[in-house]
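Structure record follows, encoded as structure tokens.
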Amino acid sequence: MGYKFSVISFFLFAGTLLSQSAITPLRPGNGTTINEIVFVTRKFAEDGHWYANFGYFASDADHKAYSRGGRLAKLDLRTGKQTTLFADDNGTFRDPQVHYDGKRIVFSYRKSGQDYFHLYETDVEGSYLRQITDGPYSDIEPVYLPDGDILFVSSRCNRWVNCWATQVAVLYRCKSDGSDMVQLSANIEHDNTPWVLPDGRIMYTRWEYVDRSQVHFHHLWSMSPDGSRQSVLFGNQHTSVPQACLLIDAKPIPGSDDIVTVFSPGHGRREHAGHLARISLQAGPDQKEALEFIWKGEDNEYIYDPFPLSSELFLTTTGKALSLIDAQGHKQDFYSLSSAEQKEGYQIFEPRPVIGRPQEPVIASALHPKREEGFMLVQDVYQGRNMDDPVRGKIKKLLILETLPKPINYTGGNEPLTYTGSFTLERIVGTVPVESDGSAHFSLPPNKSFLFVALDAQNRAVQRMKSFTSVMPGETVTCIGCHEHRTLAPANTNPYPIASQKPPAQPQAIAGIPEVIDFPRDIQPILDEHCVRCHNPANRSGGILLTGHRGPVYSHSYFNLLARFQVNDGRNQYEPLNEPGRVGDTSSPLMQKIDDHHGQV
């Protein structure tokens, strides 16, 4: 009752307060008192994509993705006074986080006349400005770590969005002075909005669409602060949670095991706009019912950047105003930007209470930074979802593919690389053996994105991974099987997998096969030798044109084979988990024709 009374009292007191009104300290009911809130103001970036808010567009280096103008500001709830800590009419401020001691703020700032965001630190009075990172890269979304380091998101990875003309940023960490920079993520797409969980792990949003949908899978993952133990936290197995969405800006809720997150509809809205949702992590990452909406706006009414003050009260912004939302979904604005700022197009983002907080435990690293490899141990490839069909012993090896980052991208579609939405190239690393008990143990180079294909004795695809994994230097990653349920432990039938008792295998290259397949170079000569004599412009009875002559974008043979679904790559079919044999050569009509000696070939 005490909590409900204090919230209602606050709502009644706040009413429709404007920028200079005296408000009142926030007492969220957990013994804390919040007297001040820091936030930033800036304008909307012009691009509607949720990730396109730094850097430049590939087609024109003078065409910037960020907005210009804004402030790092502080609001005193006791007096209603607003203080500008720093302002820059042509610069951009973003992503403040208050230190554990409640006295310092780290944030990202692009100074006027500069192209890149860097990390800076100040005190809560704005009495100094200390630059932490530099260089020709953008560093954004910093968080303090309990060991004193800073974890952040950076474009230092030098890669571009596979289906858009803007840059990618992934997870890094450094010392508080910017030294000892370490890349933590091998993602070829974006990682965003990291935050420390109560147990010391890092929660973040990971966008991926490896051989599936490029717009449906950007959900929540976790890792240790050294980049090891990367694992899905919630989502990533369903296109509906309960519908296609971006889950972002997630933070742990004090006094509970739940998290709060923005549910940004579809492919995600600009500046992460969306609905406020609560997720229980107790049932594992695949339980769709674990997501519950706290507040869901109507008619494109969204919130931004939620910060849980307690299990019952959430600080957020509607863009033009700071707001509180309680656990029952009641929303109240309590501070608005001035009419002059609103007229100029400024919005409020990233509100953070100025309070101290306990540090999370430090997770000791077991990595060996100087090692040039990490290790994978698969306990049993036959365990997992949709692995019921294969007969034990059928899978003989794993084909290892590396999904390659895109060094530049000029288009917003899938042309001209592929026709069906793969967007990037996959490098054939090689194969490793699968033992009779289904186990496999092998080494991989660190900080690269890998996926696996389970092969039978004829090198046919039995099951294909539709995600990616990676290893850090010296790390051993262990999984139960193929797409196993994350809440299940392995059956105690084989406590000592055969592969674990052998040295890790080195992937073996496939003789006569190039690392990266190029259709005109590697496939068209086969068609020329065996197929074109029947499938050519002079022989319409063949029903399909398989010559290598170029069409507007692709060769006729490539376009026809893909457009007529002769190759089943499973891309953009949205559901990530297929039954064995549903994707790849086993189910491709072209391979079936070859097996049946189509045309006596």
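The values are calculated or read from the model by the stated rules, or taken from the named source; none is laboratory data. Given the structure is predicted, the values throughout are model-derived calculations rather than measurements. Positions of Cβ are generated from backbone atoms using ideal geometry, with glycine treated the same way; all protein chains shown enter the neighbour counts. SASA here: full protein model, heavy atoms, side chains in, ligands and nucleic acids out. Shrake-Rupley method; radii C 1.70, N 1.55, O 1.52, S 1.80 Å.
Here are some notes:
- Residue 295 fulfils the conditions (1) open to solvent by less than 20 Å² (accessible area, probe 1.4 Å); (2) on the phi < 0 side of the Ramachandran plot; (3) modelled with pLDDT of 95 or more except for a single criterion, (1).
- In the set (1) surrounded by 17 or more Cβ atoms within 10 Å (Cβ to Cβ); (2) in contact (Cβ under 8 Å) with a residue 24 or more places away in the chain, residue 102 fails one condition alone, (1).
- Scanning region 368-382 for residues that are crowded, with 18+ Cβ neighbours inside 10 Å and either of a type outside the set (A, V, I, L, M, F, W, C) or part of a loop (DSSP other than H, G, I, E, B) (or both) gives 374, 379, 380, 381, 382.
- Residues in region 298-324 that are of a type in the set (Phe, Trp, Tyr) and open to solvent by 10 Å² or more (accessible area, probe 1.4 Å): 302, 304, 307.
- Which listed residue, of 57, 44, 11, is buried (at least 17 other Cβ atoms within 10 Å of the Cβ) and either touching a His at 6+ places or on another chain (Cβ under 9 Å) or modelled with pLDDT of 75 or more (or both): 57
- Residue within region 133-142 that is within 23 Å of residue 224 (Cα to Cα) and open to solvent by 40 Å² or more (accessible area, probe 1.4 Å) present: no
- Scope region 173-187; condition in contact with a Leu (Cβ under 8 Å, 6 or more places away or on another chain) and open to solvent by 10 Å² or more (accessible area, probe 1.4 Å); matching residues: 173, 178, 183
- Any hit, region 80-90, residues being touching a helix residue (DSSP H, G or I) at 6+ places or on another chain (Cβ under 7 Å), more than 22 Å from residue 303 (Cβ to Cβ) and surrounded by 21 or more Cβ atoms within 10 Å (Cβ to Cβ): no
- Selection count, region 45-90, where residues are over 30 Å from residue 188 (Cβ atoms) and either assigned to a strand (DSSP E or B) or touching a Gly at 6+ places or on another chain (Cβ under 7 Å) (or both): 16
- Single residue of 443, 449 found to be in contact (Cβ under 8 Å) with a residue 40 or more places away in the chain, hydroxyl-bearing (Ser, Thr, Tyr), open to solvent by less than 10 Å² (accessible area, probe 1.4 Å) and farther than 26 Å from residue 219 by Cβ: 443
- Scanning region 329-343 for residues that are under 30 Å from residue 31 (Cβ atoms) and part of a loop (DSSP other than H, G, I, E, B) yields 329, 330.
- Residue list for region 514-566, filter: in contact (Cβ under 8 Å) with a residue 60 or more places away in the chain, assigned to a loop (DSSP other than H, G, I, E, B) and among the small types (Gly, Ala, Ser): none
- Identity of the residue in region 344-367, of a type outside the set (S, T, N, Q) and part of a strand (DSSP E or B), that ends up farthest from residue 32 (Cα to Cα): 346
- Scanning region 264-283 for residues that are without any contact (Cβ under 8 Å) to a residue 60 or more places away in the chain and over 14 Å from residue 301 (Cβ atoms) yields a count of 7.
- Taken over region 289-328, the criterion of being in a loop (DSSP other than H, G, I, E, B) and either over 19 Å from residue 271 (Cα atoms) or among the hydroxyl-bearing types (Ser, Thr, Tyr) (or both) is satisfied by 302, 309, 310, 311, 312, 318, 327, 328.
- Here residue 269 meets each of (1) touching a Leu at 6+ places or on another chain (Cβ under 7 Å); (2) buried (at least 18 other Cβ atoms within 10 Å of the Cβ); (3) farther than 22 Å from residue 143 by Cα with one exception, condition (1).
- Restricting attention to region 460-477, the residues that are in a loop (DSSP other than H, G, I, E, B) and either without any contact (Cβ under 8 Å) to a residue 60 or more places away in the chain or of a type in the set (Val, Ile, Thr) (or both) add up to 1.
Here is a yes/no grid of residues against (1) at pLDDT 85 or above; (2) among the β-branched types (Val, Ile, Thr); (3) open to solvent by 30 Å² or more (accessible area, probe 1.4 Å):
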| position | (1), (2), (3) |
| --- | --- |
| 203 | yes, no, no |
| 210 | no, yes, no |
| 217 | no, no, no |
| 223 | yes, no, no |
| 228 | yes, no, no |
| 242 | no, no, yes |
| 250 | yes, no, no |
| 256 | yes, no, yes |
| 265 | yes, no, no |
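- Residue that is modelled with the lowest pLDDT, among those in region 389-431 that are aliphatic (A, V, I, L, M) and part of a loop (DSSP other than H, G, I, E, B): 417
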